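What follows is a set of notes on a single structure, which appears directly below.
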């Protein structure tokens, strides 16, 4: 037979389980957003002039966004939107602010999912003189400046980590460099971690690591 203490414990456990079940039932099933890739492709037609038909921009001042993590793309679109009461967006870009402002939350998720499903074209490092420096920074960081290795967050091959850190490999060197400068100069304010890192880097270091990243695959 069960003693009194055991009976009390079982009664308490049963009550807890019943409460948990009732809360779950009251909350209902969790809805998972299912992106509409067809709608995403349709929205993408507004972006082809700068980013190319499939998200692979041929102009190095514009980023390749094909194959980028959907979560990252969505976050950037949100950050381009002007804030409430005319607050300055976290990413200051008049052209992108205009596009983002016209998109609903669902639109942003759909186009982000569509772009993530596209294949990024390969890139290449072009400056042999800075290749060693770029590789050293990307894989080992800069110890005396307390700059961590880029590979720690963006992965050894530049693929990034979905929902956490963006894909960098194969990106135009000029664009990557421009974003490091934007973080340093306060034009881009949506990553405290990158702002700290960029403020410790010289122009030469930014250029070298950006060129090296372009060749990752």
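The values are calculated or read from the model by the stated rules, or taken from the named source; none is laboratory data. Source: prediction; values computed, not measured. Quick reminder, even Gly has a Cβ in these numbers, built from the backbone with ideal geometry, and neighbours come from all protein chains shown.
Can you name every residue in segment 67-92 that is more than 19 Å from residue 168 (Cβ to Cβ) and surrounded by 13 or more Cβ atoms within 10 Å (Cβ to Cβ)?
Going residue by residue through segment 67-92, those that are more than 19 Å from residue 168 (Cβ to Cβ) are 78, 80-90, 92.
Of everything in segment 67-92, those that are more than 19 Å from residue 168 (Cβ to Cβ) and surrounded by 13 or more Cβ atoms within 10 Å (Cβ to Cβ) turn out to be 78, 80, 81, 82, 89, 90, 92.
Suppose the filter is in contact (Cβ under 8 Å) with a residue 40 or more places away in the chain and crowded, with 20+ Cβ neighbours inside 10 Å; does residue 137 pass it? Even if it seems obvious, please write down each step before you answer.
On the way: in contact (Cβ under 8 Å) with a residue 40 or more places away in the chain: yes; crowded, with 20+ Cβ neighbours inside 10 Å: yes.
Yes, satisfied.
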request  = Of all residues in segment 145-178, count the ones that are more than 13 Å from the chain's Cα centre (by Cα), in contact (Cβ under 8 Å) with a residue 60 or more places away in the chain and surrounded by 20 or more Cβ atoms within 10 Å (Cβ to Cβ).
outcome  = 5
task = Select from segment 185-215 the residues that are touching a residue at least 60 places away in the same chain (Cβ under 8 Å), within 22 Å of residue 75 (Cβ to Cβ) and not in a strand (DSSP E or B) and list them in ascending order.
result = 187, 189, 190, 210, 213
task = Look at residue 32 and say whether it is over 19 Å from the mean Cα position of the chain (by Cα), over 30 Å from residue 123 (Cα atoms) and modelled with pLDDT of 65 or more.
result = yes
task = Just give me the residues in segment 180-212 being crowded, with 20+ Cβ neighbours inside 10 Å and under 16 Å from the mean Cα position of the chain (by Cα), in sequence order.
result = 180, 183, 188
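Yes/no matrix, rows are residues, columns are (1) more than 23 Å from residue 174 (Cα to Cα); (2) in contact (Cβ under 8 Å) with a residue 60 or more places away in the chain:
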| position | (1), (2) |
| --- | --- |
| 38 | yes, no |
| 54 | no, yes |
| 58 | no, no |
| 65 | no, no |
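For segment 163-178, does any single residue satisfy the condition of being in a loop (DSSP other than H, G, I, E, B) and modelled with pLDDT under 95?
Quick first cut of segment 163-178, residues in a loop (DSSP other than H, G, I, E, B) only: 163-164, 166-172.
Retained after the next criterion (residues that are modelled with pLDDT under 95): 163.
Looking for residues that are in a loop (DSSP other than H, G, I, E, B) and modelled with pLDDT under 95, one finds at least one in segment 163-178, hence yes.
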